[in-house]
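The structure appears right after this line, and notes come after that.
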There are 2 protein chains.
Amino acid sequence: MKNVNIRALARELKLSLSTVSKALRDSYEISAATKERVRALAAEWNYIPNAYASSLRGRKSKNIAVVLPEVADSFFSIAINGIEAAVKPKGYHVIIYLTHESYDGEAAILKDFQSGRVDGVLLSVSRETTRTDHVQELMDKEVPVVFFDRVLETLAAPKVVTDDAESAYKATTHLLSQGCREIAYLGISEDLYICRQRMEGYRQALRDHQLPVQPRNILTCAADATRNFQLVKKLLQRANRPDGIVASVEKLTTTVYQVCQQLQLHMPGDVKLVCFSNLEIATILQPSLTTITQPAFEMGKTAAEMLVKILEKKVLTEKDIRVVIPSELVVRGSSGVK
Amino acid sequence: MKNVNIRALARELKLSLSTVSKALRDSYEISAATKERVRALAAEWNYIPNAYASSLRGRKSKNIAVVLPEVADSFFSIAINGIEAAVKPKGYHVIIYLTHESYDGEAAILKDFQSGRVDGVLLSVSRETTRTDHVQELMDKEVPVVFFDRVLETLAAPKVVTDDAESAYKATTHLLSQGCREIAYLGISEDLYICRQRMEGYRQALRDHQLPVQPRNILTCAADATRNFQLVKKLLQRANRPDGIVASVEKLTTTVYQVCQQLQLHMPGDVKLVCFSNLEIATILQPSLTTITQPAFEMGKTAAEMLVKILEKKVLTEKDIRVVIPSELVVRGSSGVK
DNA sequence: ATGAAAGCGCTAACAG
DNA sequence: CTGTTAGCGCTTTCAT
């Protein structure tokens, strides 16, 4: 790469390596005059410290990893901004890794972190992830992990989540109050904790209204878009088709609208819909989409702040602290309110 | 971090450091038996090489940077997948950096790459970027840069782009053939090369149809969503308001639909719209959105493949090679076709 | 086929 | 206040 290193600066200035190093790090041991000389030459020569050398030496990289299922999802893309906002001022670099909803991908990525590449990890697990050992192993190597959104509940690591069960409860109750009696729940995984929580909220709402929880109304849309389309289509072609849908994930918005279009079902007349989503375009859909809007930015920011705190050894003594930031039900046209 | 290093393995196996190192790298100098012993213990002890030590020594990191304006945009999020697809098999890591459309952010990020943190860079410049020196400086330090989509035309670096001018030409011609006579063009920057190209295509189409290019019909929507909304609203409130719009960027879709909604303008009756966009939801909008769909995945993949080739020294002798992958005009409801 | 030793660039403990 | 020195963990000559 480049050859301006501390040694070169030292030689030029007729100083020792360590003096230059200390001067650059603004050590109290170095005289103001010397510091000035060093800084001047460093600037002039455009000296950039070698990241690997400092990391090797100091055993910290100032890199934090963000491990996500995907980035084509407004929740995650907004969360990234929150994360960046929190760590940039602290001088950390954000490295984004994508699992593409694959457990193997996730495990391979975390494995790699054992090489010391990153100082800490922000993790939102894949849809497939049921095991915890890959994360545990990393934590055993003293790499701090903070979960956000899609957490592994049983691990003793900090977690930042939203009130999934309550939100789904609210959404379902809202649909009930709009007159729905056959409400379906669309999940993307049977294992994902947040999906289970959301489903739980949905079930509880039904129970609290003396309505039966029908297995036929609970779908897992874990496949590709075309298969999800078929699944939802079948659902909405049923004789006793649902008159309300709670969709647990943004992706399913398109699916439901498309199916309704094809089946000539009218929203909100024939079917009402609430979707967990941070999509900006919720307002321009016809009808506009009633959403549960998650605090994506805040969740990312909070998780990142916790991680930085841990890295800076203002250690959280409670390893399994859990922060809940509530979501908001934003009522729009798709649930029948003009 | 962790303490299983080569030294520990060597000690345990009663071998020298170098023998272990060579064995792990499958050197021809080492006997099969020894290799086996080494590998076995390495596996058992879960040895993971220290990334910084190897990088420091070998002056390569196996990291490539992807520098983007933002990630909440389907073009970029899909492009990332193409990039990953290309480099994962080669053992490279993808590190995503976000400029948030800021030149300063971009410059700071590239500056940091001079530390050797990454072996090469895939770059799509910010809306604000007019200067080239920050990139030139990096290239001078022998860090290979490959542009994709948003290129700096004057730099002698490989570029992967789509046929921006032609696509805009096609879009405009399409609107003309649908009967539009007062067509507006919405850009996001006056400097961005691709925006200029798209605008050029638009102008050329008008000229070829003996229509005047009206400055009043060319807007730069470079600000936040609310201000863009105002701008577009003003445009569509004009006495001689446009009957067609070519929007150069996905973000503006929402804006245009919202304005039409508020002004009670009917698409495609009152206004027709074509948008550069890879949005999946194009089909569920009312009316469905006519798009110019860019080959996002292929562009990312191609750019990444070029970069890898350069890194592996199958050098491209032509530094300023330029690959053009065409976009596709997908006609839907918003331009008046059912 | 194996090992000794130098060194990538930087930091920090220890001396002066 | 400045300098000497010993590594961080790994790869790579150059011996043996």
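The values are calculated or read from the model by the stated rules, or taken from the named source; none is laboratory data. Remember, predicted model here, so these are calculated numbers, not experimental data. Backbone-built Cβ (ideal geometry, glycine too); neighbour counts: all protein chains shown.
Computed values, structure above
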read-out	value
Odd one out for A:T302, checked against (1) within 20 Å of A:L176 (Cα to Cα); (2) of a type outside the set (D, E, K, R); (3) modelled with pLDDT of 95 or more	(1)
Qualifying residue in segment A:176-189 (condition: in contact with a strand residue (DSSP E or B) (Cβ under 6 Å, 6 or more places away or on another chain), over 17 Å from A:R322 (Cα atoms) and part of a helix (DSSP H, G or I))	no
Qualifying positions in segment A:54-74 - out of contact with any Gly (no Cβ under 9 Å at 6 or more places or on another chain) and either within 14 Å of DNA strand D (Cβ to nearest atom) or aromatic (F, W, Y) (or both)	A:S54, A:R57, A:G58
Considering residues of segment A:33-51 that are among the hydrophobic types (A, V, I, L, M, F, W, C) and either touching a residue at least 40 places away in the same chain (Cβ under 8 Å) or not in a helix (DSSP H, G or I) (or both) only, the residue nearest to A:V146 (Cα to Cα)	A:I48
Some residue of segment B:37-46 being within 9 Å of chain A (Cβ to nearest Cβ) and under 27 Å from A:H100 (Cα atoms)	yes
Segments classed as helices (runs of 4 or more DSSP H), wholly inside segment B:52-145, with at least 3 members that are more than 10 Å from every other protein chain (Cβ to nearest Cβ) and touching a helix residue (DSSP H, G or I) at 6+ places or on another chain (Cβ under 6 Å)	B:74-87
Segment B:246-267 residues that are over 21 Å from B:L329 (Cα atoms), paired with ones that are hydrophobic (A, V, I, L, M, F, W, C) and part of a helix (DSSP H, G or I) (beta carbon under 7 Å, 6 or more apart)	B:Q258/A:I284; B:Q258/B:F229; B:V259/B:F229; B:V259/B:V232; B:V259/B:L236; B:Q261/A:I284; B:L263/B:L236; B:L265/B:L236
Residue count for segment A:204-227, restricted to those that are of a type in the set (K, R) and closer than 12 Å to A:E182 by Cα	1
Residues satisfying the stated conditions in segment A:10-24, i.e. more than 12 Å from DNA strand D (Cβ to nearest atom) and either over 28 Å from B:L138 (Cβ atoms) or within 43 Å of the chain's Cα centre (by Cα) (or both)	A:L24
Extreme residue, farthest from the chain's Cα centre (by Cα), among residues of segment A:171-193 that are under 21 Å from A:T254 (Cα atoms) and β-branched (V, I, T)	A:I183
Some residue of segment A:256-270 being touching a Gly at 6+ places or on another chain (Cβ under 7 Å) and not assigned by TED's automatic domain parsing to the domain that holds A:V71	yes
Residue tally, condition surrounded by fewer than 20 Cβ atoms within 10 Å (Cβ to Cβ), among the aliphatic types (A, V, I, L, M) and within 14 Å of another protein chain (Cβ to nearest Cβ), over segment B:230-286	3
Checking B:I30 against (1) without any contact (Cβ under 8 Å) to a residue 12 or more places away in the chain; (2) near DNA strand D (Cβ under 8 Å from one of its atoms); (3) of a type in the set (V, I, T), the condition it does not meet	(2)
